[in-house]
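K.L.:
I'd like to ask some things about the structure below.
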Amino acid sequence: MNLKAILYSPWSLLLVSMFMAAPATAQMGGPALVRVAVATVKDIAPVTMVPGTVISRHDARLSAEVEGRLTEVADVGTRVKAGEAVAQIEDTALRLRNTELKAEVTRAAARLRFLEREEDRFTRLAESNLAAATQLEQTRSDRDVALGDLEVARARLEQNEDRIDRTLIRAPYGGVVVERLMMRGERVVVGSMVVRLVDPADLEVIARAPLEYYAYVQRGQALELSTPGRTVPGTVRTVVAIGDRNTHQFELRLDLEGQPFPVGQTLRVSIPVSNTRQVLTVPRDALVLRSTGASVFVIADDDTARQVSVIPGIGQGDDIEISGEISAGERVVVRGNERLQPGQAVQIMDS
């Protein structure tokens, strides 16, 4: 038998037709592998987005409390604990003054001890000698003055030691030096700002919203904070009840858990614009968006797919409101719905 006869024989044509029909049968007749979720009734509210900024609750410019020349300033990026020094001021003159004041304390203490001994001596003599009684009164007066002088000398010493301690500019909280406002070798006066210290671990978001939405924002409320690549929840810590008369906006601050954003990050805050209401929601992934409109695939009891046209509403997080011929508790396809056909059998993957 020649090659032409083999190619056009009845058996070869049958084999070719079976081979070509197999993929079509597998594509159309086999069950589709899908993942499902349940349509749920939830309390949600329509929202609008307002700009916000991530700030640190502890962001301060630390200043000098004594006058002098800077001998050390921490580098930008240095991480310090509470109480650690971020800068040092030369203390030579203060330490010399401290030595002088210690000598004054010693001298005042010595005079007081002398007068106390004199008081004891004149007390014994005053019992039989009238002149000694007069000297006793004078000695007691001098002793009281000496006691006051000693207290003044000690106070001056403590003040100077406190000034020596303040030549170290210490961190009031743990954080990172983000800016050096003065350099080593520069002379500072009281109040000169030296470094900026920021705590990147204790963050909050500050935002401003129109006053008409004030009634819908409450303390303790969870709001979404989003950037182009990330969305995290934030909790309203405080709402400033006084609006700005020029912008007609109120201020709110939200707590952040962890360190999801750097300090200074701009983001968008979802603000509710009306009271919450109960709506039927499905995961956003359940929506199939085509030129004819939006729809979802509902899984029937016999594990076949039924396509239902829906009208999307407001969204909240991963969920979105829908309205259509679908009820709470019905299963909807959230994975594998791109090529699913109405009436096609499905096989449900584990969640």
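K.L.:
Tell me the residue from Ala109, Ala133 that is modelled with pLDDT under 90, in contact with a Leu (Cβ under 9 Å, 6 or more places away or on another chain) and in a helix (DSSP H, G or I), please.
P.N.:
Answer to the selection: Ala133.
K.L.:
Among what's in the range 318-344 and is closer than 18 Å to Val288 by Cα and small (Gly, Ala, Ser), pick the residue that is surrounded by the most Cβ atoms within 10 Å (Cβ to Cβ).
P.N.:
The qualifying residue surrounded by the most Cβ atoms within 10 Å (Cβ to Cβ) is Gly336.
K.L.:
Does the range 271-278 include one or more residues that are more than 27 Å from Thr235 (Cβ to Cβ), of a type outside the set (Asp, Glu) and surrounded by 15 or more Cβ atoms within 10 Å (Cβ to Cβ)?
P.N.:
Looking through the range 271-278, none of the residues is more than 27 Å from Thr235 (Cβ to Cβ), of a type outside the set (Asp, Glu) and surrounded by 15 or more Cβ atoms within 10 Å (Cβ to Cβ).
K.L.:
Next question, about the same structure. Here is a check on your reading of the model: is Thr266 surrounded by fewer than 17 Cβ atoms within 10 Å (Cβ to Cβ) and closer than 12 Å to Leu225 by Cβ?
P.N.:
yes
K.L.:
Which numbered condition trips up Val263, out of (1) within 40 Å of the chain's Cα centre (by Cα); (2) part of a strand (DSSP E or B)?
P.N.:
For Val263, the exception is condition (2).
K.L.:
On to the next question. Suppose we keep only residues that are polar (S, T, N, Q) and farther than 17 Å from Met193 by Cβ within the range 79-103. Which one would you say is nearest to the chain's Cα centre (by Cα)?
P.N.:
In this case the residue turns out to be Thr92.
K.L.:
So which residues in the range 45-54 are touching a Gly at 6+ places or on another chain (Cβ under 8 Å) and crowded, with 17+ Cβ neighbours inside 10 Å, if there are any at all?
P.N.:
Once the filter is applied, which keeps residues that are touching a Gly at 6+ places or on another chain (Cβ under 8 Å) and crowded, with 17+ Cβ neighbours inside 10 Å, the range 45-54 yields only Val54.
K.L.:
Of the residues that make up the range 160-170, is at least one under 30 Å from the mean Cα position of the chain (by Cα), of a type in the set (A, V, I, L, M) and modelled with pLDDT of 95 or more?
P.N.:
yes
K.L.:
Only one of Leu256, Leu287, Leu252, Leu280 is under 30 Å from Gly175 (Cβ atoms) and at pLDDT 90 or above; which?
P.N.:
Just a single option satisfies the conditions, and that option is Leu252.
K.L.:
(1) assigned to a loop (DSSP other than H, G, I, E, B); (2) buried (at least 19 other Cβ atoms within 10 Å of the Cβ): which one isn't true of Val205, the others all being true?
P.N.:
(1)
K.L.:
Taking the criterion of being of a type in the set (D, E, K, R), part of a strand (DSSP E or B), touching an Asp or Glu at 6+ places or on another chain (Cβ under 8 Å) and modelled with pLDDT under 95, would at least one residue in the range 42-54 satisfy it?
P.N.:
yes
The values are calculated or read from the model by the stated rules, or taken from the named source; none is laboratory data. What you see is a predicted model; the values in this text were computed from it and never measured. Virtual Cβ from ideal backbone geometry, glycine too; neighbours counted across all protein chains shown.
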